[in-house]
Amino acid sequence: MRTRLGYFEGGASGIGFETARVLALRNAHVIIAGRNMKAANEAKQLILKDNKTARLDALKLDLASLKSVKAFANNFIALKLPLNILINNAGIMFCPYQLSEDGIEMQFATNHLGHFYLTNLLLDIMKETARSTGIEGRIINLTSVAHLHTYDEGIQFDKMNEETSYLDKKAYGQSKLANILHANEVSRRLQAEGANITVNSVHPGLITTNLYRHSSLFISMH
Ligand SMILES: NC(=O)c1ccc[n+]([C@@H]2O[C@H](COP(=O)([O-])OP(=O)(O)OC[C@H]3O[C@@H](n4cnc5c(N)ncnc54)[C@H](OP(=O)(O)O)[C@@H]3O)[C@@H](O)[C@H]2O)c1
């Protein structure tokens, strides 16, 4: 039985790439979703080089744009594929203050809001897939131990988008705390409905990837 994976990673490196490579090795049909289609297609070719029978598709997705998330979900739904596994992987870290095109602080928009919206848009397909195949669905949010280092009030709902209160590291922690709260609440709701889908968040450990592009200290230590 082939599984389908919604996988949100654009580059030819990073945790998402390795996840896609291994899932393809295990016979999953992998959807590589990324904002940079050139990088997504290169990632696809790199996986195919060592695994000629891998089933991979690359689809455009910019998580920092609610319009793009909606378009991605519509494109995915139009493919009429089942969806067993959704990995909310993509993320940015410690970037300078910036607003998304929807006017939301960029780390929160990318790391949480995009995944939150996408999960909602794909939930019906996941429920239907779990029901019709009898296979437990999985939603995995990539979070971080950094969720412990957020603003004093946790999530700054009232001043989320204000530049004056923006702290790059705390904003990252805030977005990663939101990943965990999101996973917990979706899990609670799915359990209450009796849906055969588990939702978990995971801290993957510390791995030097492009994520650290705004963090010279960490990179200089390696
Ligand atoms: N590496 C670590 O030590 C570590 C520790 C704790 C948690 N994590 C979490 O693990 C996840 C993966 O991180 P990683 O280390 O693999 O980082 P990475 O190598 O930088 O990969 C992140 C991926 O997210 C993509 N992305 C960024 N913004 C996007 C957007 N708006 N729309 C679509 N895709 C976007 C990036 O695409 P581009 O190539 O276009 O930038 C990149 O492919 C993140 O959620 C991160 O918070 C990592």
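Only the coordinates and a few stated rules stand behind these numbers; no lab work does. Computed from a prediction, not measured in an experiment: that's the story for all the values here. Cβ sites come from the backbone with ideal geometry, for glycine too, and all protein chains shown count toward neighbours.
Remarks
- Arranged from fewest to most other beta-carbon atoms within 10 Å of their beta carbon, Met126, Met106, Met37 become Met37, Met106, Met126.
- Counting neighbouring beta carbons within 10 Å and listing from fewest to most, the residues Val30, Val202, Val22 come out as Val22, Val202, Val30.
- For peptides 77-85, 57-65, sequence by mean Cβ density within 10 Å, most packed first: 57-65, 77-85
- Segment 4-220, relative contact order [Cα under 8 Å, separation at least 6], %: 20
- Stretch gain in nm, segment Asp152-Met37, where the contour uses 0.36 nm per residue and the Cα spacing is subtracted: 37.6 nm
- Convex hull projection area averaged over all views, the chain, Cα basis, nm²: 12.6
- With Cα atoms, 0 to 90° folded angle of helix 37-50 axis to the chain main axis: 50
- Relative to the dominant Cα principal axis of the chain, helix 168-193 is inclined by about 40°.
- Between 0 and 90°, nearest 10: helix 66-78 axis offset from the chain longest Cα axis: 10
- Look at Leu167, Leu113, Leu86 and count the other Cβ atoms within 10 Å of each Cβ; fewest to most, that gives Leu167, Leu113, Leu86.
- Under-5 Å amide H pairs with Ala33, H placed in peptide plane, nonlocal only: Tyr7, Phe8, Glu9, Leu59
- Projected label distance in nm at Glu185 and Ser165, using a 7 Å step from Cα toward the beta-carbon: 1.8
- Note, ³J(HN,Hα) from phi for segment 80-92, Karplus 6.51, -1.76, 1.60, rounded to Hz, x at Gly and Pro: 6, 9, x, 9, 8, 10, 10, 10, 7, 9, 4, x, 10
- For segment 73-222, the share of DSSP beta bridges that are antiparallel, to the nearest 5, is 15%.
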